[in-house]
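Some notes on the structure that comes next.
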Amino acid sequence: GRGGSRKYLTASLDQSLKRMGIDYVDIFYHHCLDPDTPLKETALCMSDIVRQGKSLYIGMSNYDGKKMHRMYHKCDDYNVPFVVNQNRYNILDRQVEYNSLKKECFSKHKGLVAFSPLAQGRLSDKFRNGIPESSRLYGKPDYCKRIGLDDAQLQYISSLCEIADKRGETLSQMAIQWLLKKGVTSVLVGVRNKEQLLENLAALDKPELSDEEMRLIDSCAV
């Protein structure tokens, strides 16, 4: 039954916490929205987790605006400290703007953490002249088609590199700056080495994108 499912999840979380050697996490994210599970049940489970001291706050991931709106009220009904959403968001993928998730976050004063800020590395200087052989996307036309990486997008990426060049920064840094200008709470970067981490962190030292530069980034889209 559903009560059993809630007990199973909290027991699984207990095991995870034990393996990590900690008593609780600051934020527990509900990462996958199950269309077959009522939002009420999810909210009750999140309530159990907080009430049992396993997490201080709750986050939602991969919700659209409509579902987030409903979940917001369910969390309110069951005293769930829902504080943040985590969704894919970058220059090439602005779904959170189209499905009203971003609007709901801001109107309800909830955070928005952007993951995949560099679009699997596409928003980096190494793609300015096409798909590099070192990329995991090289030689995978079907996958590239699925994510929208075609000649038009590669041309757009090349144009973005030129804008970043004029700013004296890498495209990766400008992509992070773009998200900060959009008002996100935080940017969740994934790096392979120390050099990439330092490059991403250096974005914080770059000047804020102007409104004109933001319009330019949109205008060169093809």
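The values are calculated or read from the model by the stated rules, or taken from the named source; none is laboratory data. Bear in mind that the values here come from a model prediction, so they are computed numbers and not experimental data. Here the Cβ is made from the backbone with ideal geometry for all residues, glycine too, and neighbour counts use every protein chain on show. Calculation scope for accessible area: heavy atoms of the full protein, side chains included, ligands and nucleic acids excluded. Shrake-Rupley method; radii C 1.70, N 1.55, O 1.52, S 1.80 Å.
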Inset, instruction - Identify all lysines with a Cα-Cα distance to residue 145 below 20 Å; exclude those on the same chain that are fewer than 8 residues away in sequence. - result: 126
Legend entry - Where GluC sites (Glu not before Pro) in DSSP loops with at most 13 other Cβ within 10 Å are excluded, longest remaining stretch of the chain: 1-132
Legend entry - Derived scalar couplings ³J(HN,Hα) [region 135-142; Karplus, 6.51 cos²θ - 1.76 cosθ + 1.60; whole Hz; x for Gly, Pro]: 7, 5, 8, 5, x, 10, x, 5
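Give me the extension gain from residue 23 to residue 147: residue separation times 0.36 nm, minus the current Cα-Cα distance, reported in nm with one decimal. List each step's numbers first, then the result.
On the way: separation 124, 0.36 × 124 = 44.64 nm, distance 3.92 nm.
Extra length available between residue 23 and residue 147 comes to 40.7 nm.
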Inset, instruction - Taking H placed 1.01 Å from N in the peptide plane, check which residues at least 5 places from residue 111 or on another chain put their amide H under 5 Å from its amide H. - result: 84, 85
Inset, instruction - Straight distance only, please: which aspartates and glutamates reach the Cα of residue 206 with their own Cα at less than 14 Å, same-chain residues fewer than 8 apart left out? - result: 165, 169
Legend entry - Pair residue 40, residue 76: separation of 7 Å Cα→Cβ label points (nm): 1.8 nm
Inset, instruction - Starting from the amide H of residue 25, placed 1.01 Å from N in the peptide plane, find each other amide H under 5 Å away whose residue is 5 or more places distant or on another chain. - result: 55, 56
Inset, instruction - With a 1.4 Å probe and every protein chain left in place, tell me how much accessible area residue 106 has, in Å² to the nearest 10. - result: 90 Å²
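Based solely on its DSSP helices, what 222 nm [θ] is calculated for the chain when runs of n ≥ 4 H residues each add -39,500 (n - 2.57) and the sum is averaged over all residues, nearest 500 deg cm²/dmol?
Result for the chain, helices only: -14500 deg cm²/dmol.
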Legend entry - Within straight-line cross-link reach of residue 74, aspartates and glutamates at Cα separation under 18 Å, skipping those fewer than 8 residues along the same chain: 34, 36, 41, 48, 64, 104
Legend entry - Identified option (computed volume of the Cα convex hull per residue in Å³; candidates (i) 122; (ii) 155; (iii) 147): (ii)
Inset, instruction - Would you mind classifying region 53-101 by shape? Square roots of the alpha carbon gyration tensor eigenvalues, ordered a ≥ b ≥ c; an a/c under 1.5 is rounded, otherwise it is prolate if a/b is larger than b/c and oblate if not. - result: oblate
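Taking Rh as the Kirkwood radius computed over C-alpha pairs, what is the Stokes-Einstein D of region 97-157 at 37 °C in a medium of viscosity 0.692 mPa s, expressed in µm² per second? Walk me through the numbers before you get to the answer.
Numbers: Rh = 13.6 Å.
Estimated via Stokes-Einstein, D reaches 242 µm²/s.
Is the C-alpha gyration tensor of region 134-222 telling us rounded, prolate or oblate? Criteria: a/c under 1.5 is rounded; beyond that, a/b larger than b/c is prolate, otherwise oblate. List each step's numbers first, then the result.
Working: a/c = 1.89, a/b = 1.24, b/c = 1.52.
Verdict is oblate for region 134-222.
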Inset, instruction - Return the whole-Å distance between the Cα centroid of region 188-222 and the Cα centroid of region 125-156. - result: 19 Å
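Can you tell me the FRET efficiency between residue 133 and residue 167 if r is taken as the Cβ-Cβ distance and R0 is 25 Å, rounded to the nearest 0.05? Mind dumping the intermediate values first?
Details: r = 28 Å, r/R0 = 1.11.
Computed FRET efficiency for residue 133 and residue 167: 0.35.
Can you give the longest stretch of the chain with no exposed loop site, where a site means trypsin sites (Lys or Arg not before Pro) in a DSSP loop (not H, G, I, E or B) with at most 12 other C-beta atoms within 10 Å? Before the final figure, lay out each step's value.
Details: sites that count: 136, 192.
Longest stretch, sites excluded: 1-135.
First compute the accessible area of the chain with a 1.4 Å probe, then give the percent of it belonging to carbon and sulfur atoms.
Working: 6110 of 12460 Å².
Ligands and nucleic acids excluded, carbon and sulfur reach 49 percent.
Taking 22 Å as the cut-off for C-alpha to C-alpha distance, list the pairs among 103/182; 66/110; 54/181 that go past it. Before the final figure, lay out each step's value.
Numbers: 103/182 11 Å; 66/110 14 Å; 54/181 34 Å.
Checking Cα-Cα distances, 54/181 exceed 22 Å.
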Inset, instruction - Mind telling me which of 174, 20, 60 comes out most flexible in a GNM of the chain, alpha-carbon contacts under 10 Å? - result: 20
